[in-house]
Amino acid sequence: MLFLVSGIIPSFLNHGKSGESKVDKHLQTNMAQKLYIQTNGCQMNEYDSAKMRDVLKASHGMEMTETPEEADVLLLNTCSIREKAQEKVFSTVGRWRKIKNKRPEVIIAVGGCVASQEGAALQKRAPYVDIVFGPQTLHRLPELLNKARDTKKRVVDISFPQIEKFDALPEPRAEGPKAFVSIMEGCSKYCTFCVVPYTRGEEISRPLNAVIAEISSLAGQGVREINLLGQNVNAYRGEMDDGEIAEFSLLLHYVAAVEGIDRIRFTTSHPAEYGDDIIDAFAEIPELVSHLHLPVQSGSDTILENMKRGYTRDEYLQIMDKMKAVRPGISLSSDFIIGFPGETDAQFEDTLDLIEQVGFDFCYSFIYSPRPGTPAAEMADDISEQTKKQRLTRLKDRLNEMTMAISDSMVDTIQSVLVESVSKKNPLQMTGRTENNRVVNFTAHPRLAGQFVDVIITQALPNSLRGRMFESSIDKILKN
Ligand code: SAH
Ligand code: F3S
């Protein structure tokens, strides 16, 4: 059919490589199966969703769609970190069921942490879900899809074959100047409140060479900023070619040596394994941004112990002091859990006191959500919901003030900004990010995308900054 159509098209349309016409391409894209992905949860899930898109493009030539109604495969990448996230799953697949009722050939697949935890039980409650797969089996999606279609039966694969996943993934594709690269999977910390070790399995690191090869490939495609991803990146222990083990700080040095990589971030590190070698890395590696997100969860030693976090308040404060010493003005941020079982007023005040001592930038804070199967879910809890909400509001208000004060203090300073894309709100403006991860909008030419420029900050807004490109930056670009 395609051949016949291309045979009758006028020759002036035949511009494609290998004799393929624009009409051919148009028809192929139109005929390509369509994939819709909804991603809930963390950056790791965002990363995994991009990989799901890549494997299905490679295996089935699938193209992404923004409209669930026109999709052939509807894929939900789920999160179970808190109850609210988990509740979303059934409402979303419930909506998708209507699409499947109209077009029974549509495949509904559920992946991620809820899938990992529920397994086949998910299909008991939602029998119209065809495929259930876990975070470690996303590379098997092509087979799972074929199986579901061929057998017309429900399929489940939530095993943990772990690192096999990375070997089976297609070459990474850069989308703009920033990229995430997963360096490890899972978590073996077993904090008493957290479901991650159960849904994503134990910690396992990718070999050093595999990580560096992925980063080099991305750098070759124009990526300038790498965000190293893992639940607990400083537990990284990657095998090297000579059989030796590289720790996280050594990996940082290798990443910084990749040509073209000028900014390195990592998400998320853990205070219990935050050794002096990582602090030294900040002194030695200019590519590491002056921003550290180090979740503390609570400022009370008793709560930290009950959470099984593996460090004291003092140890955390010492790390923060050392970081401030090697990087004056560094932006520090954290995650907080409010209302952990038994948290007293005094223990909550300890958290408020800790944030005053550290002086945080943009943080995340959550009310504790009991997760089935975790030790904390069994702990006695006599604190009312109302008290928890009041505490959260107090904490958030103070954290917001701190964030805004930092934004205000950036006005009239010159910031290095990695230009990302044309601003969504104003086509004459470009948008980029500072080292401390603030969005900056400023007037600039679109060809600056992917470059670092110096920007004078002119205004601090609640969620972004405005700026003006600094003249030396313009000179530099004109010379290039
Ligand atoms: N690996 C990261 C955390 C991953 S989960 C670390 O070690 O810090 C992201 C954040 O969700 C956590 O830092 C914590 O603040 C929050 N969180 C995890 N489990 C939670 C629960 N049961 N209730 C409320 N918040 C939770
Ligand atoms: Fe969760 Fe603690 Fe690991 S918060 S991801 S078990 S470090």
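The values are calculated or read from the model by the stated rules, or taken from the named source; none is laboratory data. What you see is a predicted model; the values in this text were computed from it and never measured. Heads up, the Cβs are rebuilt from the backbone with ideal geometry, glycines too, and the neighbour counts pull from every protein chain shown. Quick note on the areas: whole protein, heavy atoms, side chains included, nothing else; ligands and nucleic acids left out. Shrake-Rupley method; radii C 1.70, N 1.55, O 1.52, S 1.80 Å.
Tally up the residues in the range 150-179 that are outside any loop (DSSP other than H, G, I, E, B) and crowded, with 16+ Cβ neighbours inside 10 Å, please.
Selection size over the range 150-179: 7.
Working only within the range 370-380, note down all residues that are open to solvent by 20 Å² or more (accessible area, probe 1.4 Å) and either within 8 Å of ligand 1 (Cβ to nearest atom) or in a helix (DSSP H, G or I) (or both). Before the answer, list the steps.
Residues of the range 370-380 open to solvent by 20 Å² or more (accessible area, probe 1.4 Å): 370, 372-373, 375, 377-380.
Of everything in the range 370-380, those that are open to solvent by 20 Å² or more (accessible area, probe 1.4 Å) and either within 8 Å of ligand 1 (Cβ to nearest atom) or in a helix (DSSP H, G or I) (or both) turn out to be 370, 375, 377, 378.
Among the residues of the range 352-365 satisfying the criterion of being open to solvent by 30 Å² or more (accessible area, probe 1.4 Å) and not in a loop (DSSP other than H, G, I, E, B), which is farthest from residue 289 (Cα to Cα)?
Filtering the range 352-365 for residues that are open to solvent by 30 Å² or more (accessible area, probe 1.4 Å) and not in a loop (DSSP other than H, G, I, E, B), the one farthest from residue 289 (Cα to Cα) comes out as 353.
Does residue 192 meet the test of being among the hydroxyl-bearing types (Ser, Thr, Tyr), within 16 Å of ligand 2 (Cβ to nearest atom) and surrounded by fewer than 21 Cβ atoms within 10 Å (Cβ to Cβ)?
Here the answer is yes, as residue 192 does meet what is asked.
Please specify each residue of the range 275-286 satisfying the condition of being open to solvent by 20 Å² or more (accessible area, probe 1.4 Å), in a helix (DSSP H, G or I) and under 26 Å from residue 309 (Cα atoms).
276, 277, 280
Please go through the range 120-137 and pick out each residue that is open to solvent by less than 10 Å² (accessible area, probe 1.4 Å) and among the aromatic types (Phe, Trp, Tyr).
133
Name the one entry in 305, 349 that is in a helix (DSSP H, G or I), under 27 Å from residue 387 (Cα atoms), open to solvent by 40 Å² or more (accessible area, probe 1.4 Å) and more than 15 Å from ligand 2 (Cβ to nearest atom).
On the way: 305 fails: more than 15 Å from ligand 2 (Cβ to nearest atom).
Sole residue among the options that is in a helix (DSSP H, G or I), under 27 Å from residue 387 (Cα atoms), open to solvent by 40 Å² or more (accessible area, probe 1.4 Å) and more than 15 Å from ligand 2 (Cβ to nearest atom): 349.
Identify the residue in the range 196-220 that is within 15 Å of ligand 1 (Cβ to nearest atom), outside any helix (DSSP H, G or I) and not acidic (Asp, Glu) and, among all such residues, is most open to solvent (accessible area, probe 1.4 Å).
Among residues in the range 196-220 that are within 15 Å of ligand 1 (Cβ to nearest atom), outside any helix (DSSP H, G or I) and not acidic (Asp, Glu), the one most open to solvent (accessible area, probe 1.4 Å) is 204.
Restricting attention to the range 392-423, report how many residues are in a loop (DSSP other than H, G, I, E, B) and buried (at least 19 other Cβ atoms within 10 Å of the Cβ).
Summing the residues that are in a loop (DSSP other than H, G, I, E, B) and buried (at least 19 other Cβ atoms within 10 Å of the Cβ) in the range 392-423 gives 1.
Could you check residue 59 against (1) polar (S, T, N, Q); (2) part of a helix (DSSP H, G or I); (3) crowded, with 16+ Cβ neighbours inside 10 Å and say which number it fails?
It fails just one condition, (3).
For the range 353-409, give me each residue that is among the polar types (S, T, N, Q) and farther than 15 Å from residue 335 by Cβ.
Let us first name the residues in the range 353-409 that are among the polar types (S, T, N, Q), namely 357, 365, 369, 374, 384, 386-387, 390, 393, 400, 403, 407, 409.
Selection gives 357, 374, 384, 386, 387, 390, 393, 400, 407, 409.
Within the range 62-118, how many residues turn out to be assigned to a strand (DSSP E or B) and at positive phi? Explain how you work it out, then say what you get.
From the range 62-118, those assigned to a strand (DSSP E or B) are 63-64, 73-78, 107-111; that's our starting set.
Now narrow it down to the ones that are at positive phi: none.
The qualifying residues number 0.
Does residue 298 qualify as being of a type in the set (S, T, N, Q), closer than 27 Å to residue 461 by Cβ and open to solvent by less than 10 Å² (accessible area, probe 1.4 Å)?
no
Got a sec? Which of 329, 342 is over 26 Å from residue 276 (Cβ atoms) and in contact (Cβ under 8 Å) with a residue 12 or more places away in the chain?
That would be 342, the only listed residue that is over 26 Å from residue 276 (Cβ atoms) and in contact (Cβ under 8 Å) with a residue 12 or more places away in the chain.
Hey, could you check the range 424-437 for residues that are closer than 16 Å to residue 469 by Cβ and within 20 Å of the chain's Cα centre (by Cα) and say which is surrounded by the fewest Cβ atoms within 10 Å (Cβ to Cβ)?
The qualifying residue surrounded by the fewest Cβ atoms within 10 Å (Cβ to Cβ) is 431.
Please verify whether residue 272 is assigned to a helix (DSSP H, G or I), at pLDDT 95 or above and within 24 Å of the chain's Cα centre (by Cα), treating the condition exactly as stated.
Against the criterion (assigned to a helix (DSSP H, G or I), at pLDDT 95 or above and within 24 Å of the chain's Cα centre (by Cα)), residue 272 qualifies.
Run residue 431 past the list (1) touching a helix residue (DSSP H, G or I) at 6+ places or on another chain (Cβ under 6 Å); (2) away from ligand 1 (no atom under 16 Å from the Cβ); (3) among the β-branched types (Val, Ile, Thr) and report the number of the one that doesn't hold.
So the condition that residue 431 fails would be (1).
Check off (1) more than 18 Å from residue 364 (Cα to Cα); (2) part of a loop (DSSP other than H, G, I, E, B); (3) of a type in the set (Lys, Arg) for residue 324 and give me the number that stays unchecked.
It fails just one condition, (2).
For residue 37, which of the numbered conditions (1) modelled with pLDDT of 95 or more; (2) in a helix (DSSP H, G or I) fails to hold?
Result: residue 37 passes all but (2).
Tell me whether the range 311-326 contains one or more residues that are under 23 Å from residue 215 (Cα atoms) and within 16 Å of ligand 2 (Cβ to nearest atom).
Taking the range 311-326 and keeping what is under 23 Å from residue 215 (Cα atoms), we get none.
The answer is no; no qualifying residue exists.
Hey, can you tell me all the residues within the range 308-332 that are of a type in the set (Gly, Ala, Ser) and crowded, with 21+ Cβ neighbours inside 10 Å?
Looking only at the range 308-332, we keep the residues that are of a type in the set (Gly, Ala, Ser), and these are 310, 325, 329, 331.
Correct list: 331 only.
Criterion first (in a strand (DSSP E or B) and within 16 Å of ligand 1 (Cβ to nearest atom)) does residue 234 satisfy it?
Taking the combined requirement at face value, the residue does not satisfy it.
Out of all the residues in the range 130-140, is one or more in a strand (DSSP E or B) and within 16 Å of ligand 1 (Cβ to nearest atom)?
No.
Looking only at the range 241-268, how many residues end up being open to solvent by 40 Å² or more (accessible area, probe 1.4 Å), touching a Lys or Arg at 6+ places or on another chain (Cβ under 9 Å) and either aliphatic (A, V, I, L, M) or not in a strand (DSSP E or B) (or both)?
2
Checking residue 438 against (1) closer than 21 Å to residue 361 by Cβ; (2) at pLDDT below 95: exactly one of these is not met. Which one?
Every listed condition holds for residue 438 apart from (2).
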